[in-house]
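Since the structure comes first, as structure tokens, the remarks are kept for the end.
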């Protein structure tokens, strides 16, 4: 059991269910959102369309998730000022620039220009989220590790939880993504390395190539291995999985030691191309039901973050040095 400061404990409480488990709705997409809204021509997507879509999703799902993950461009401030974001739910805000720079085999991750951990804290967020593209053997691995360490220091300084999202990739230029056993090995090795830094929660891809390994029991075993390697709570991201597949992944992950999910496109993806009236109906019915099912599954099976962390001891003299 590790100690966490008061601000970090409070942010984790705000971001989780009453049982200390994460049922987060991920809606910080930018480039992916442009493609979803206008698959025929993503360049035609404008900022207002993205803002409206995110607002509609949050209005429809309301208090079902334990927290929302939003971006500083189109989601976070907009849904605070409109009052759409429920005050009873946590707010995670993304720190990174969307996409990656550099060589596809040696990817670089960057913080969004003119954005910072300090500004995220000032906004009133419950937590910071940083996405990094990482492979433990890439040429940029040390650079990414330095970025993670720097961000962790800033989160410690401003006393706000740090959620780190890891997206892995192959070093073989002929592959678009990691496959087979290599996928599991690289994801687990990345988790083991990056969870050694002073982060609070890891947001992780499903660590199995489900096309080559369709067996549910083996999925759970791999997730157990990931949990053994991970020094902090971890949550599962949905990537582009369809809902039914993602639900099976959530079950395996939570049975294998995960502390919940940050579910995105698996919940709301189809709504992006619907006309407004159909979209709102879909979000209020299908998407809301999906998120409710995910939340209930997480509450039933996930490991609470409180099994990892406890608050620093405090007494009447705690605040002068805070």
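The values are calculated or read from the model by the stated rules, or taken from the named source; none is laboratory data. If you're wondering where the values come from, they're calculated on a predicted model, not measured in any experiment. Methodologically, a virtual Cβ is constructed for each residue, glycine included, from the backbone with ideal geometry; neighbour enumeration extends over all protein chains shown.
Is there any pair with a first residue in segment 35-52 that is farther than 14 Å from residue 273 by Cα and a second that is modelled with pLDDT of 95 or more and surrounded by fewer than 16 Cβ atoms within 10 Å (Cβ to Cβ) whose Cβ atoms are under 9 Å apart and which are 6 or more apart or on different chains, and what are they?
none
Has segment 147-165 got any residue that is buried (at least 23 other Cβ atoms within 10 Å of the Cβ), at pLDDT 95 or above and in a loop (DSSP other than H, G, I, E, B)?
yes
Take residue 32 and tell me if it is surrounded by fewer than 23 Cβ atoms within 10 Å (Cβ to Cβ), within 16 Å of the chain's Cα centre (by Cα) and touching a residue at least 12 places away in the same chain (Cβ under 8 Å).
yes
Only one of these conditions is not met by residue 248: (1) in a helix (DSSP H, G or I); (2) closer than 19 Å to residue 64 by Cβ; (3) under 20 Å from the mean Cα position of the chain (by Cα). Which number is it?
(2)
Looking only at segment 200-236, count every residue that is under 29 Å from residue 68 (Cβ atoms), without any contact (Cβ under 8 Å) to a residue 60 or more places away in the chain and outside any helix (DSSP H, G or I) and tell me the total.
The total comes to 11.
Determine whether residue 94 is farther than 19 Å from residue 131 by Cα, surrounded by 16 or more Cβ atoms within 10 Å (Cβ to Cβ) and touching a residue at least 60 places away in the same chain (Cβ under 8 Å).
No.
Does residue 130 qualify as being without any contact (Cβ under 8 Å) to a residue 40 or more places away in the chain, closer than 18 Å to residue 204 by Cβ and touching a helix residue (DSSP H, G or I) at 6+ places or on another chain (Cβ under 6 Å)?
So residue 130 fits the description; yes.
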